[in-house]
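Worksheet for the structure shown next.
The values are calculated or read from the model by the stated rules, or taken from the named source; none is laboratory data. Since the structure is predicted, the reported quantities are computational estimates derived from the model, not experimental observations. With ideal geometry, Cβ positions are generated from the backbone for all residues, glycine too; neighbour counts draw on all protein chains shown. We work out accessible area using only protein heavy atoms, side chains counted, and drop any ligands, DNA or RNA first. Shrake-Rupley method; radii C 1.70, N 1.55, O 1.52, S 1.80 Å.
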Amino acid sequence: PLPKEFDHHNCRNLRYETDLLMAENYVSRIIFDFTRTRFMDSSGIGVLLNRYKQMKAGHTGFYGACPQVMRVLKVAGILGLMHQYESKEEAIYSRDRDGRDRTDRTGNAESTGRADRREREKCRNAGV
């Protein structure tokens, strides 16, 4: 999940972590988890927009935004760019436009492929 305060103090670490994740892996989708976030400033918006731009051929979305964060996302125009999911489960198991299954292995960023499908099957068989 994103931090409770998604501001300039926390954005540097998030930028660094997502840069590493995207550089080391093929990431076709990023889902932001706002369930803990209660405050977001322009630095947080900057991170979201930057990741949206980096995902040119991919998909970005979010879930769990409280009313205060939703207002910020709306004013910033994020609601028109990113898909809003009702829950983590919906974000994880939603289908992309061409019908391929998407599976989340990191909690925040997703990739698609056979390995992901095998991972999802393991989780289902384990009751996760």
- request: Find the residue count for segment 7-41, including only residues that are part of a loop (DSSP other than H, G, I, E, B) and open to solvent by less than 70 Å² (accessible area, probe 1.4 Å).
  value: 7
Residue satisfying all of: in segment 42-76; open to solvent by 80 Å² or more (accessible area, probe 1.4 Å) and of a type in the set (Gly, Ala, Ser); nearest to SER28 (Cα to Cα) among these: ALA57
message: Given the criterion in contact with a Lys or Arg (Cβ under 6 Å, 6 or more places away or on another chain), modelled with pLDDT of 50 or more and not small (Gly, Ala, Ser), identify the matching residue among ARG71, ARG38, ARG95.
response: ARG38
task: Report, by residue number, each residue of segment 77-87 that is surrounded by 12 or more Cβ atoms within 10 Å (Cβ to Cβ) and part of a loop (DSSP other than H, G, I, E, B).
output: LEU81, MET82
query: So which of ARG29, ARG36 is closer than 25 Å to SER94 by Cα and in contact with a strand residue (DSSP E or B) (Cβ under 6 Å, 6 or more places away or on another chain)?
result: ARG29
